[in-house]
Structure formats: structure tokens, C-alpha cells
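Everything below concerns the one structure shown next.
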């Protein structure tokens, strides 16, 4: 017995020591896990053609990360962002996201900015069954129907058509109703989608297309295009363009005296502060899509605080000083991801995706609910009209009344000045 | 049915555009055409000039083209410095062909990144009294935003032509492109002559940048839109031919403008480069090449 006891006691002691060590080690692992950051990765256009939007988008996402970490992180863990410059080059996207997933071991990925940069991410996301938040891409999921893709751009369930629905509804409401339309867009991904949607709306609203052309994005002089459109004298001119072309078209229209009854639609760039301040009164009367305007109807909880922080950082970052277009949506994309991680209490891609699909989120851009194709369940692409712009002072764009929301009805803040020429006086 | 009014307007718009293209391409004609230096960074210097114009316009309200003129000595000095580095590192060792090309690619990226870090990546535009205004003469509309750059482009072409044909240094530049040994025997230093010519090429690039920002907004990466275009014009005109550069610029400008007006703008670049291929098939040395 004694032998047994003498031989057993050290045995129990050994077992106890090992068990204690394992428990302590396990606790250590748990402690380490709890302190490990949740990593979110993305590629973003920090150089190249889309960098004017990519940089502010990344800045907004960083603001969200700082906001979340100030409140204790997600699931009690801090959030870490890992980002790479995709150089506005879609060819870099597969490499960047493969590195993020396989080397950096991120927990979630968010897309880069823009349709062209989201497109190459889709096959990777589908193959690896990722939950993917898209930042301002048009109709990226229409071919794939991937269920775990969610797009923060408020295009709505039929993104191509919904994009310009407001513009066409406004035009069709005028009395007498305009009859003819010119469609012009750049030979690039977004304008092609926008023009395709506009063609459908031309049929739906019973307009007659008298001009339907595209142009290469590297076009320098837009006066021949404006003059060719003027020659067919359309009542409506719908333009789908990127920033340099938008500036070119607005200036060319002013120079050749192109004066349709309604002008605008899908011009990217007019939302940017530097473009607004440079074009100044030339903007008056243009009806164009937008996502946010400093109107009373658009003041959602948290948006003022966001802009206060963004505009402070923008001064140092050399990016859009007001940031009304893309930054709040980039913030909201990761805000939704964070809310879904908290709500599902999980880092599992599928559980988070299921949570996003089945819940409504309160964000700084308002209530967001996604539909079956990952687009907003209800379109909220605004149509705004530039009114009463005098000179090129930036301060005028901070106050209501300069970018009047005409559509949709629930966010309407003023009435359209019709025709276009009346708003230019 | 063709509207002759539209055709006339398109031709005038094309000539105006051609004048601007000439300004952007003159430096390439000089450095690539005469000095045999493949300065792929030329459009980056154009954008650097555009940002100089933006800086002076936004801070002091100075006219962009006046800024362009005032900054030419500085850019001349920068160009001369860049050539000296290129010469010492590559040309002197006979390694200019491939490594030199890489060097200028490097310069291009450095300029792009430096501009991004300094000014950010927002679109930059300038304000001037003539932007957004136009006049109509006999049914032809002329936008001042294009007329002013065209006139400056024509003056730049004339000045460079006179410099190369009427001055000692200009003739020396023409000589250095033909026979450096003969030039040395005449008592001229080819490296010094090339330094001067390269400096002039970069000064021309900077001035054309001021013209560019008058016409359209720029970001640091706008230079990439112009790489193909400026080299195509220099080749079409005939390497080293200043008059040829102007003619080629106007041909491409008018072709682009006519296509955009009459057949749809999506064809304009294809037709321009089709003209380039056709011209090279008939005259491999370019329209005015020797």
C-alpha cells in the first residue's frame, strides 16, 4: 500500500501538474485569442484614375475602425485594417486578395472602389464562399447572383434601370412632356451599364432616342460631341460619364450653347468638391444622380459627427474636403459588416452573410436593407438639381439649397426648375 | 444628310485640338526625334507643369498660361539636370537603350507619386476668364478654352522651328542628331548641346501642361492618357520634324473631331491610329521624316 501510495502520489501530482498546465495554457490561448484583432482586408485605388475616390473611401473606413476600437472593438476584440493599393488596375485585384486571405489571414474582406475593381473580386469571393461588402459598383452581381455579396451603393434591386429612374420620372412629369432624348456615355464599365439602363427607361417612359453614342474615355475635346447633340435638338440629354468627361461635357455644353430642357443624369464627378467649385454657376440647372446632399431630409443619425471627423482628416490627406459622395457609404459598408459580426456573434462567413441578408441596419446613410441580389432592397439613388450657385466659393456647398433633392419623394427637399435654361439665369 | 455647318465646326475644333496636341508633342519630337532619347516620362513633366499652373492659380490667382511661361526656366533647369543624370548613368556607358527606358519609367512614377503625396489625388482644375466662354464667327463656334492653348501651341511650334533653323545652338541640336563626331570636330560639345535641347523639351512639356489644365481637369495619373498619343504624333510627323509634328497633330485633331461629330466619338481614336498605320505603311519615316 505504502509503495502504492508512494508511487501513486507523485503520479497524481504529475497528472495534476500537467492538467493545471494545460488549463493555464488553455486560458492563455483564450486570453490571446480575445486580444487578437479581427482583421479586415481590402485593396483600394490609392493611385491611378479612381484614386480621387479611393483615398477618401479608405479614410472613411479608417474612421470607422477608430470609432469601433474606441468602443471596445467587435466581440471584445480590436479591429485591424490591412489595405493595399490596387492602382486602379483590375489585374492587381486577384493577387491582392489572395495575399490578404492566405498570407495576412484576414477574417473578412471588403471590395475596392468601383465597378471595374469589384468585378475581378467576385470569382475569388464565390470560390472561397466569402461575405463581401461592395463599395460603389454598378450591377456587379447581376450575372453571378452570388448570395453573400452586398452592395452599399443604393442602386436598388434592378441596378441598371434604377440608376436613372428618378431622372426619367422627373423628365416625364414635366408639362408639356419632353419627347426626344440624346444618350451619350464613355466606353467604360459604369457608363455602359448606366446607358443600358437608360435605354430601357427610354422605352418605358415613351421617349424617342435621337442620339445614342459612346466615346473613348481619353477624349480631350468634347465640343464636337456637344455640337453633334445640339444638331439633333433633343429635349433631354442623358450623360453617363467619369469625372474628366463630366467636366468636359458641362463646359462644352456651355460653350456650344447646348440647352436641352433637362440635362444630366449619370455624370460621375459633379459630386466632387473640387469639380463643383471649379464649374461653379455652369452647374446650375443640371439634374444629376447623387447619394447625399446637405439637405434637411438627408440628416441621418451619426452623419454630422462623421463629416466633422472626415473633414478634419481630409485637410491633411489632400482628398475631397467635403466628402459628401463616397465616404459616408464606404463607412456604412464596414459599419454594416461590424453590426453583422456583433449581431451574429460570429466570424463565420456564412453566418455573417445570413445576418446581413435578413436584417435592416441603421447606418450613417440611413436605414439599409439588402434584397435578393445583394443590392439595396429599395433604390435610393437621388436626383439632385444644382440651383442658385454663385461663384466658386466652397462654403455655399455646405448649406442646403444648392443641391436640391428632387427624387425620391420621401427625401425631396425642393422643386425642379424647368427647363434647364431657366435655372441658368 | 451631312450638315456643312457641322463639318466646318468640326474642322475648326479639330485644328484647335491639333494646336494643343502639337504643344504637348513638341518636346517628344525634340528629345525622341532629334536626340534619340526615349523620354517616356515626357507626359509626366506635362502633368508637373499642369500642377505648377494649378498651384499658382489656386494660391495667387495667376493665369495658368502665364504661370506656364514663367516656369519654363525652372523646368529647363530640371530637364537639363535629368539629362545629365541620364547621360552619366546610361548614355556614356552605351546602356541607354533598355536601361534608359527603365530610368524614364522610374522618373514617371516618381513624379506621379510625388504629386499624389503633395497634392493628393483629387481632380484639379484652374480658373481663368476665358474658360467656359466662346465666340461665334460666321456660324463657327470657337471655345476660348481651346483657342488659347491652340494659339500658344502654334507660337511654341514657331519659336522652336526658328530656334532650330536660325540659331547656332538650334543648328547644333540638328547636327547632334545627325553626326556627333562631326559636331565635335566643329568645336561643339554634343553633351552640352543635348543638355540644352533636353532642357528645352522639358520646358515645352511644362508649358503644355499649363495648356492641358486649361482644357481639362488633371490628376497625377493623367499622364498615362498621353504617352501613346504624343509618341504617335512624333512618329507620324516624322522624327525630329517640328513642322511635321504640327501637321500630324492637326491631322489627328481634325480626324478625331470629324469622327466625333459625324460618325460617333467611339471611332475617333481608332481612326486616328488607323491614319498613323496607313501613313507609316506609305512613308515609314513619317510624313516629313528624312
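Once you've got the GNM for chain B with C-alpha springs shorter than 10 Å, pick whichever of B:223, B:122, B:36 has the biggest mean-square fluctuation.
In this elastic network of chain B, the residue with the biggest mean-square fluctuation among B:223, B:122, B:36 is B:122.
Compute and list, largest first, the equivalent-ellipsoid semi-axes of region B:92-182 from the alpha carbon gyration tensor, each √(5λ) rounded to a whole angstrom.
Ellipsoid half-lengths, sorted descending, are 36, 27, 10 Å.
Sorting check: for B:24-31, A:407-414, which peptide has the highest mean count of neighbouring beta carbons within 10 Å, and how do the rest follow?
The peptides rank, most packed first, as B:24-31, A:407-414.
Once you have all Cα-Cα distances for the protein assembly as shown, histogram them in 20 Å bins from zero and send the whole-percent values.
Whole-percent P(r) values from 0 Å outward: 17, 45, 28, 8, 2, 1, 0.
Taking the Cα centre of each part, how many Å lie between region B:19-80 and region B:215-290?
19
Residue A:350 versus residue A:196, label points 7 Å from Cα toward the beta carbon: distance in nm?
3.1
In the Gaussian network model of chain B, springs joining C-alpha atoms below 10 Å, which of B:91, B:136, B:112 carries the largest mean-square fluctuation?
Among B:91, B:136, B:112, the largest mean-square fluctuation in the Gaussian network model of chain B belongs to B:136.
Beyond 13 Å, what percent of the Cα pairs of region B:182-236 remain?
73
I want to verify a result. In a Gaussian network model of chain B, Cα cutoff 10 Å, which of these has the top mean-square fluctuation: B:77, B:205, B:23?
B:77
Ignoring everything except DSSP H segments at least 4 long, calculate the 222 nm mean residue ellipticity for the protein assembly as shown; use -39,500 (n - 2.57) per segment, divide by total residues, nearest 500.
Values: 26 runs with 389 residues, N = 715.
Helix-only estimate at 222 nm: -18000 deg cm²/dmol.
Taking the 0 to 90 degree range and rounding to the nearest ten, how far is the long axis of helix A:243-256 tilted relative to the main principal axis of chain A, both from C-alpha atoms?
Approximately 10 degrees, to the nearest ten.
Normalised by the empirical 2.2 N^0.38 Å for globular proteins, what value does the Cα Rg of chain B take? Don't skip to the end; give the middle numbers.
Values: Rg = 19.0 Å, N = 290, 2.2 N^0.38 = 19.0 Å.
Ratio of Cα Rg to 2.2 N^0.38 Å: 1.00.
For chain A, just the Cα atoms, rotate onto the principal axes and tell me the three extents in Å, largest first.
Projected onto the principal axes, the Cα atoms of chain A cover 112, 40, 37 Å.
If you take all C-alpha pairs in region B:1-110, what percent of them are over 17 Å apart?
64
How big is the shadow of the Cα convex hull of region A:55-118, averaged over all directions, in nm²?
It is 4.5 nm².
How well do other chains shield peptide A:237-244, expressed as the mean number of their Cβ atoms within 10 Å of each residue Cβ?
Mean shielding count: 2.
From other protein chains only, count the Cβ atoms within 10 Å of every residue's Cβ in A:119-131, then give the mean.
Mean shielding by partner chains, rounded to a whole number: 0.
Taking the Cβ of each residue in A:351, A:70 as the centre, tally the other Cβ atoms inside 10 Å and list the residues starting with the fewest.
A:70, A:351
Over every pair of different alpha-carbon atoms in region A:263-312, take the mean of 1/r and invert it; report that Kirkwood radius in Å.
It works out to 12.6 Å.
Compute from the Cα atoms of region A:313-425 the Rg and the Dmax, the latter being the longest Cα-Cα distance, and quote both in angstrom.
That works out to 18.4, 58 Å for Rg and Dmax.
Taking a quarter of the surface of the Cα convex hull of region A:74-164, what do you get in nm²?
Result: 6.6 nm².
Using only Cα atoms, what Kirkwood radius does region A:111-253 have, in angstroms?
For region A:111-253, inverting the mean 1/r across all distinct Cα pairs yields 16.4 Å.
Calculate the mean, over all residues of peptide B:257-270, of how many other protein chain Cβ atoms lie within 10 angstrom of the residue's Cβ.
6
Each reported figure results from applying straightforward, stated rules to the coordinates on display, with no laboratory input. Since the model is a prediction, treat every value here as computed from it, not as a measurement. Neighbour counts are summed over all protein chains in view; Cβ atoms, including those assigned to glycine, are modelled from backbone coordinates with ideal geometry.
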